[in-house]
Amino acid sequence: MLEALRPQVSSIIDSNNTADAKMQEICELLKAKVPHYDWVGFYFKNGDKRELKLGQYAGAPTDHTIIPFGKGICGQVAESNENFVVPDVQAQDNYIACSITVKAEIVVPLFVNGENIGQIDIDSNTPDPFTKADESFLEFVNFEVAKIL
Ligand code: SME
């Protein structure tokens, strides 16, 4: 299922649209097509500040439009430069809750020219849903998005 989405992501990237519109389409595609993706969004480094700013997303609006580096799963990935898979959000001390329905989360950093400039963040209402296939797929999505940034 995730494999089948790769060409659709690439065709959005190759389409004639703004980068913002392409990222919005990707969020909506992933949320619509992957049953265990309930909120899909991009966060980006906010200028020179050590904080993340919410970009495009699909799913319920969140209060967490700014996240300081080090805070929550997202803020930790901003510093670690590594994927963070959380099978059970309740087991995490450094976690920022967006909705009580969320059971699990995955955050994958987005690199442009080797620099961690943001991330894709997925929330799931399904417990422990993420596998290596999700990591690989989301790395692919970010690799594609990096081409338009
Ligand atoms: N749960 C995230 C905050 C962002 S929301 O999931 C949209 C975190 O702990 O960083």
Q) Which of the listed residues, Ala21, Thr65, Ser80, is farthest toward the dipole's positive end in the range 21-80, when Lys, Arg count +1 and Asp, Glu count -1 at the beta-carbon? A) Ser80
**Q.** Overall form of the chain per C-alpha gyration tensor (a/c, 1.5; a/b vs b/c)
**A.** oblate
Q. What 222 nm value per residue comes from the helices of the chain, counting each DSSP H run with n ≥ 4 as -39,500 (n - 2.57) and dividing by all residues, nearest 500 deg cm²/dmol?
A. -11000 deg cm²/dmol
Q) What net charge is computed for the residues neighbouring Asn116, neighbours being all others with C-beta under 15 Å from the C-beta of Asn116, Lys and Arg scored +1, Asp and Glu -1? A) -3
Q | Global geometry of the range 44-119, whether rounded, prolate or oblate, following the gyration tensor of its Cα atoms and the 1.5 cut on a/c | A | prolate
(Q) Taking loop as defined by DSSP and a crowding limit of 12 other beta carbons within 10 Å, which GluC sites (Glu not before Pro) in the range 75-148 fit? (A) Glu82
Q. In terms of the Cα gyration tensor, with a ≥ b ≥ c the square roots of its eigenvalues, is the range 1-60 rounded because a/c is under 1.5, prolate because a/b exceeds b/c, or oblate?
A. oblate
Q) Over the chain, what is the relative contact order in whole percent, taking alpha-carbon pairs under 8 Å and six or more residues apart? A) 23
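Bear in mind these aren't lab numbers, they're just calculated from the coordinates by the rules spelled out. Everything numeric here is computed off the predicted structure, so don't read it as measured data. Reconstructed Cβ throughout: ideal geometry from the backbone, glycine too, with neighbour counts over all protein chains shown.
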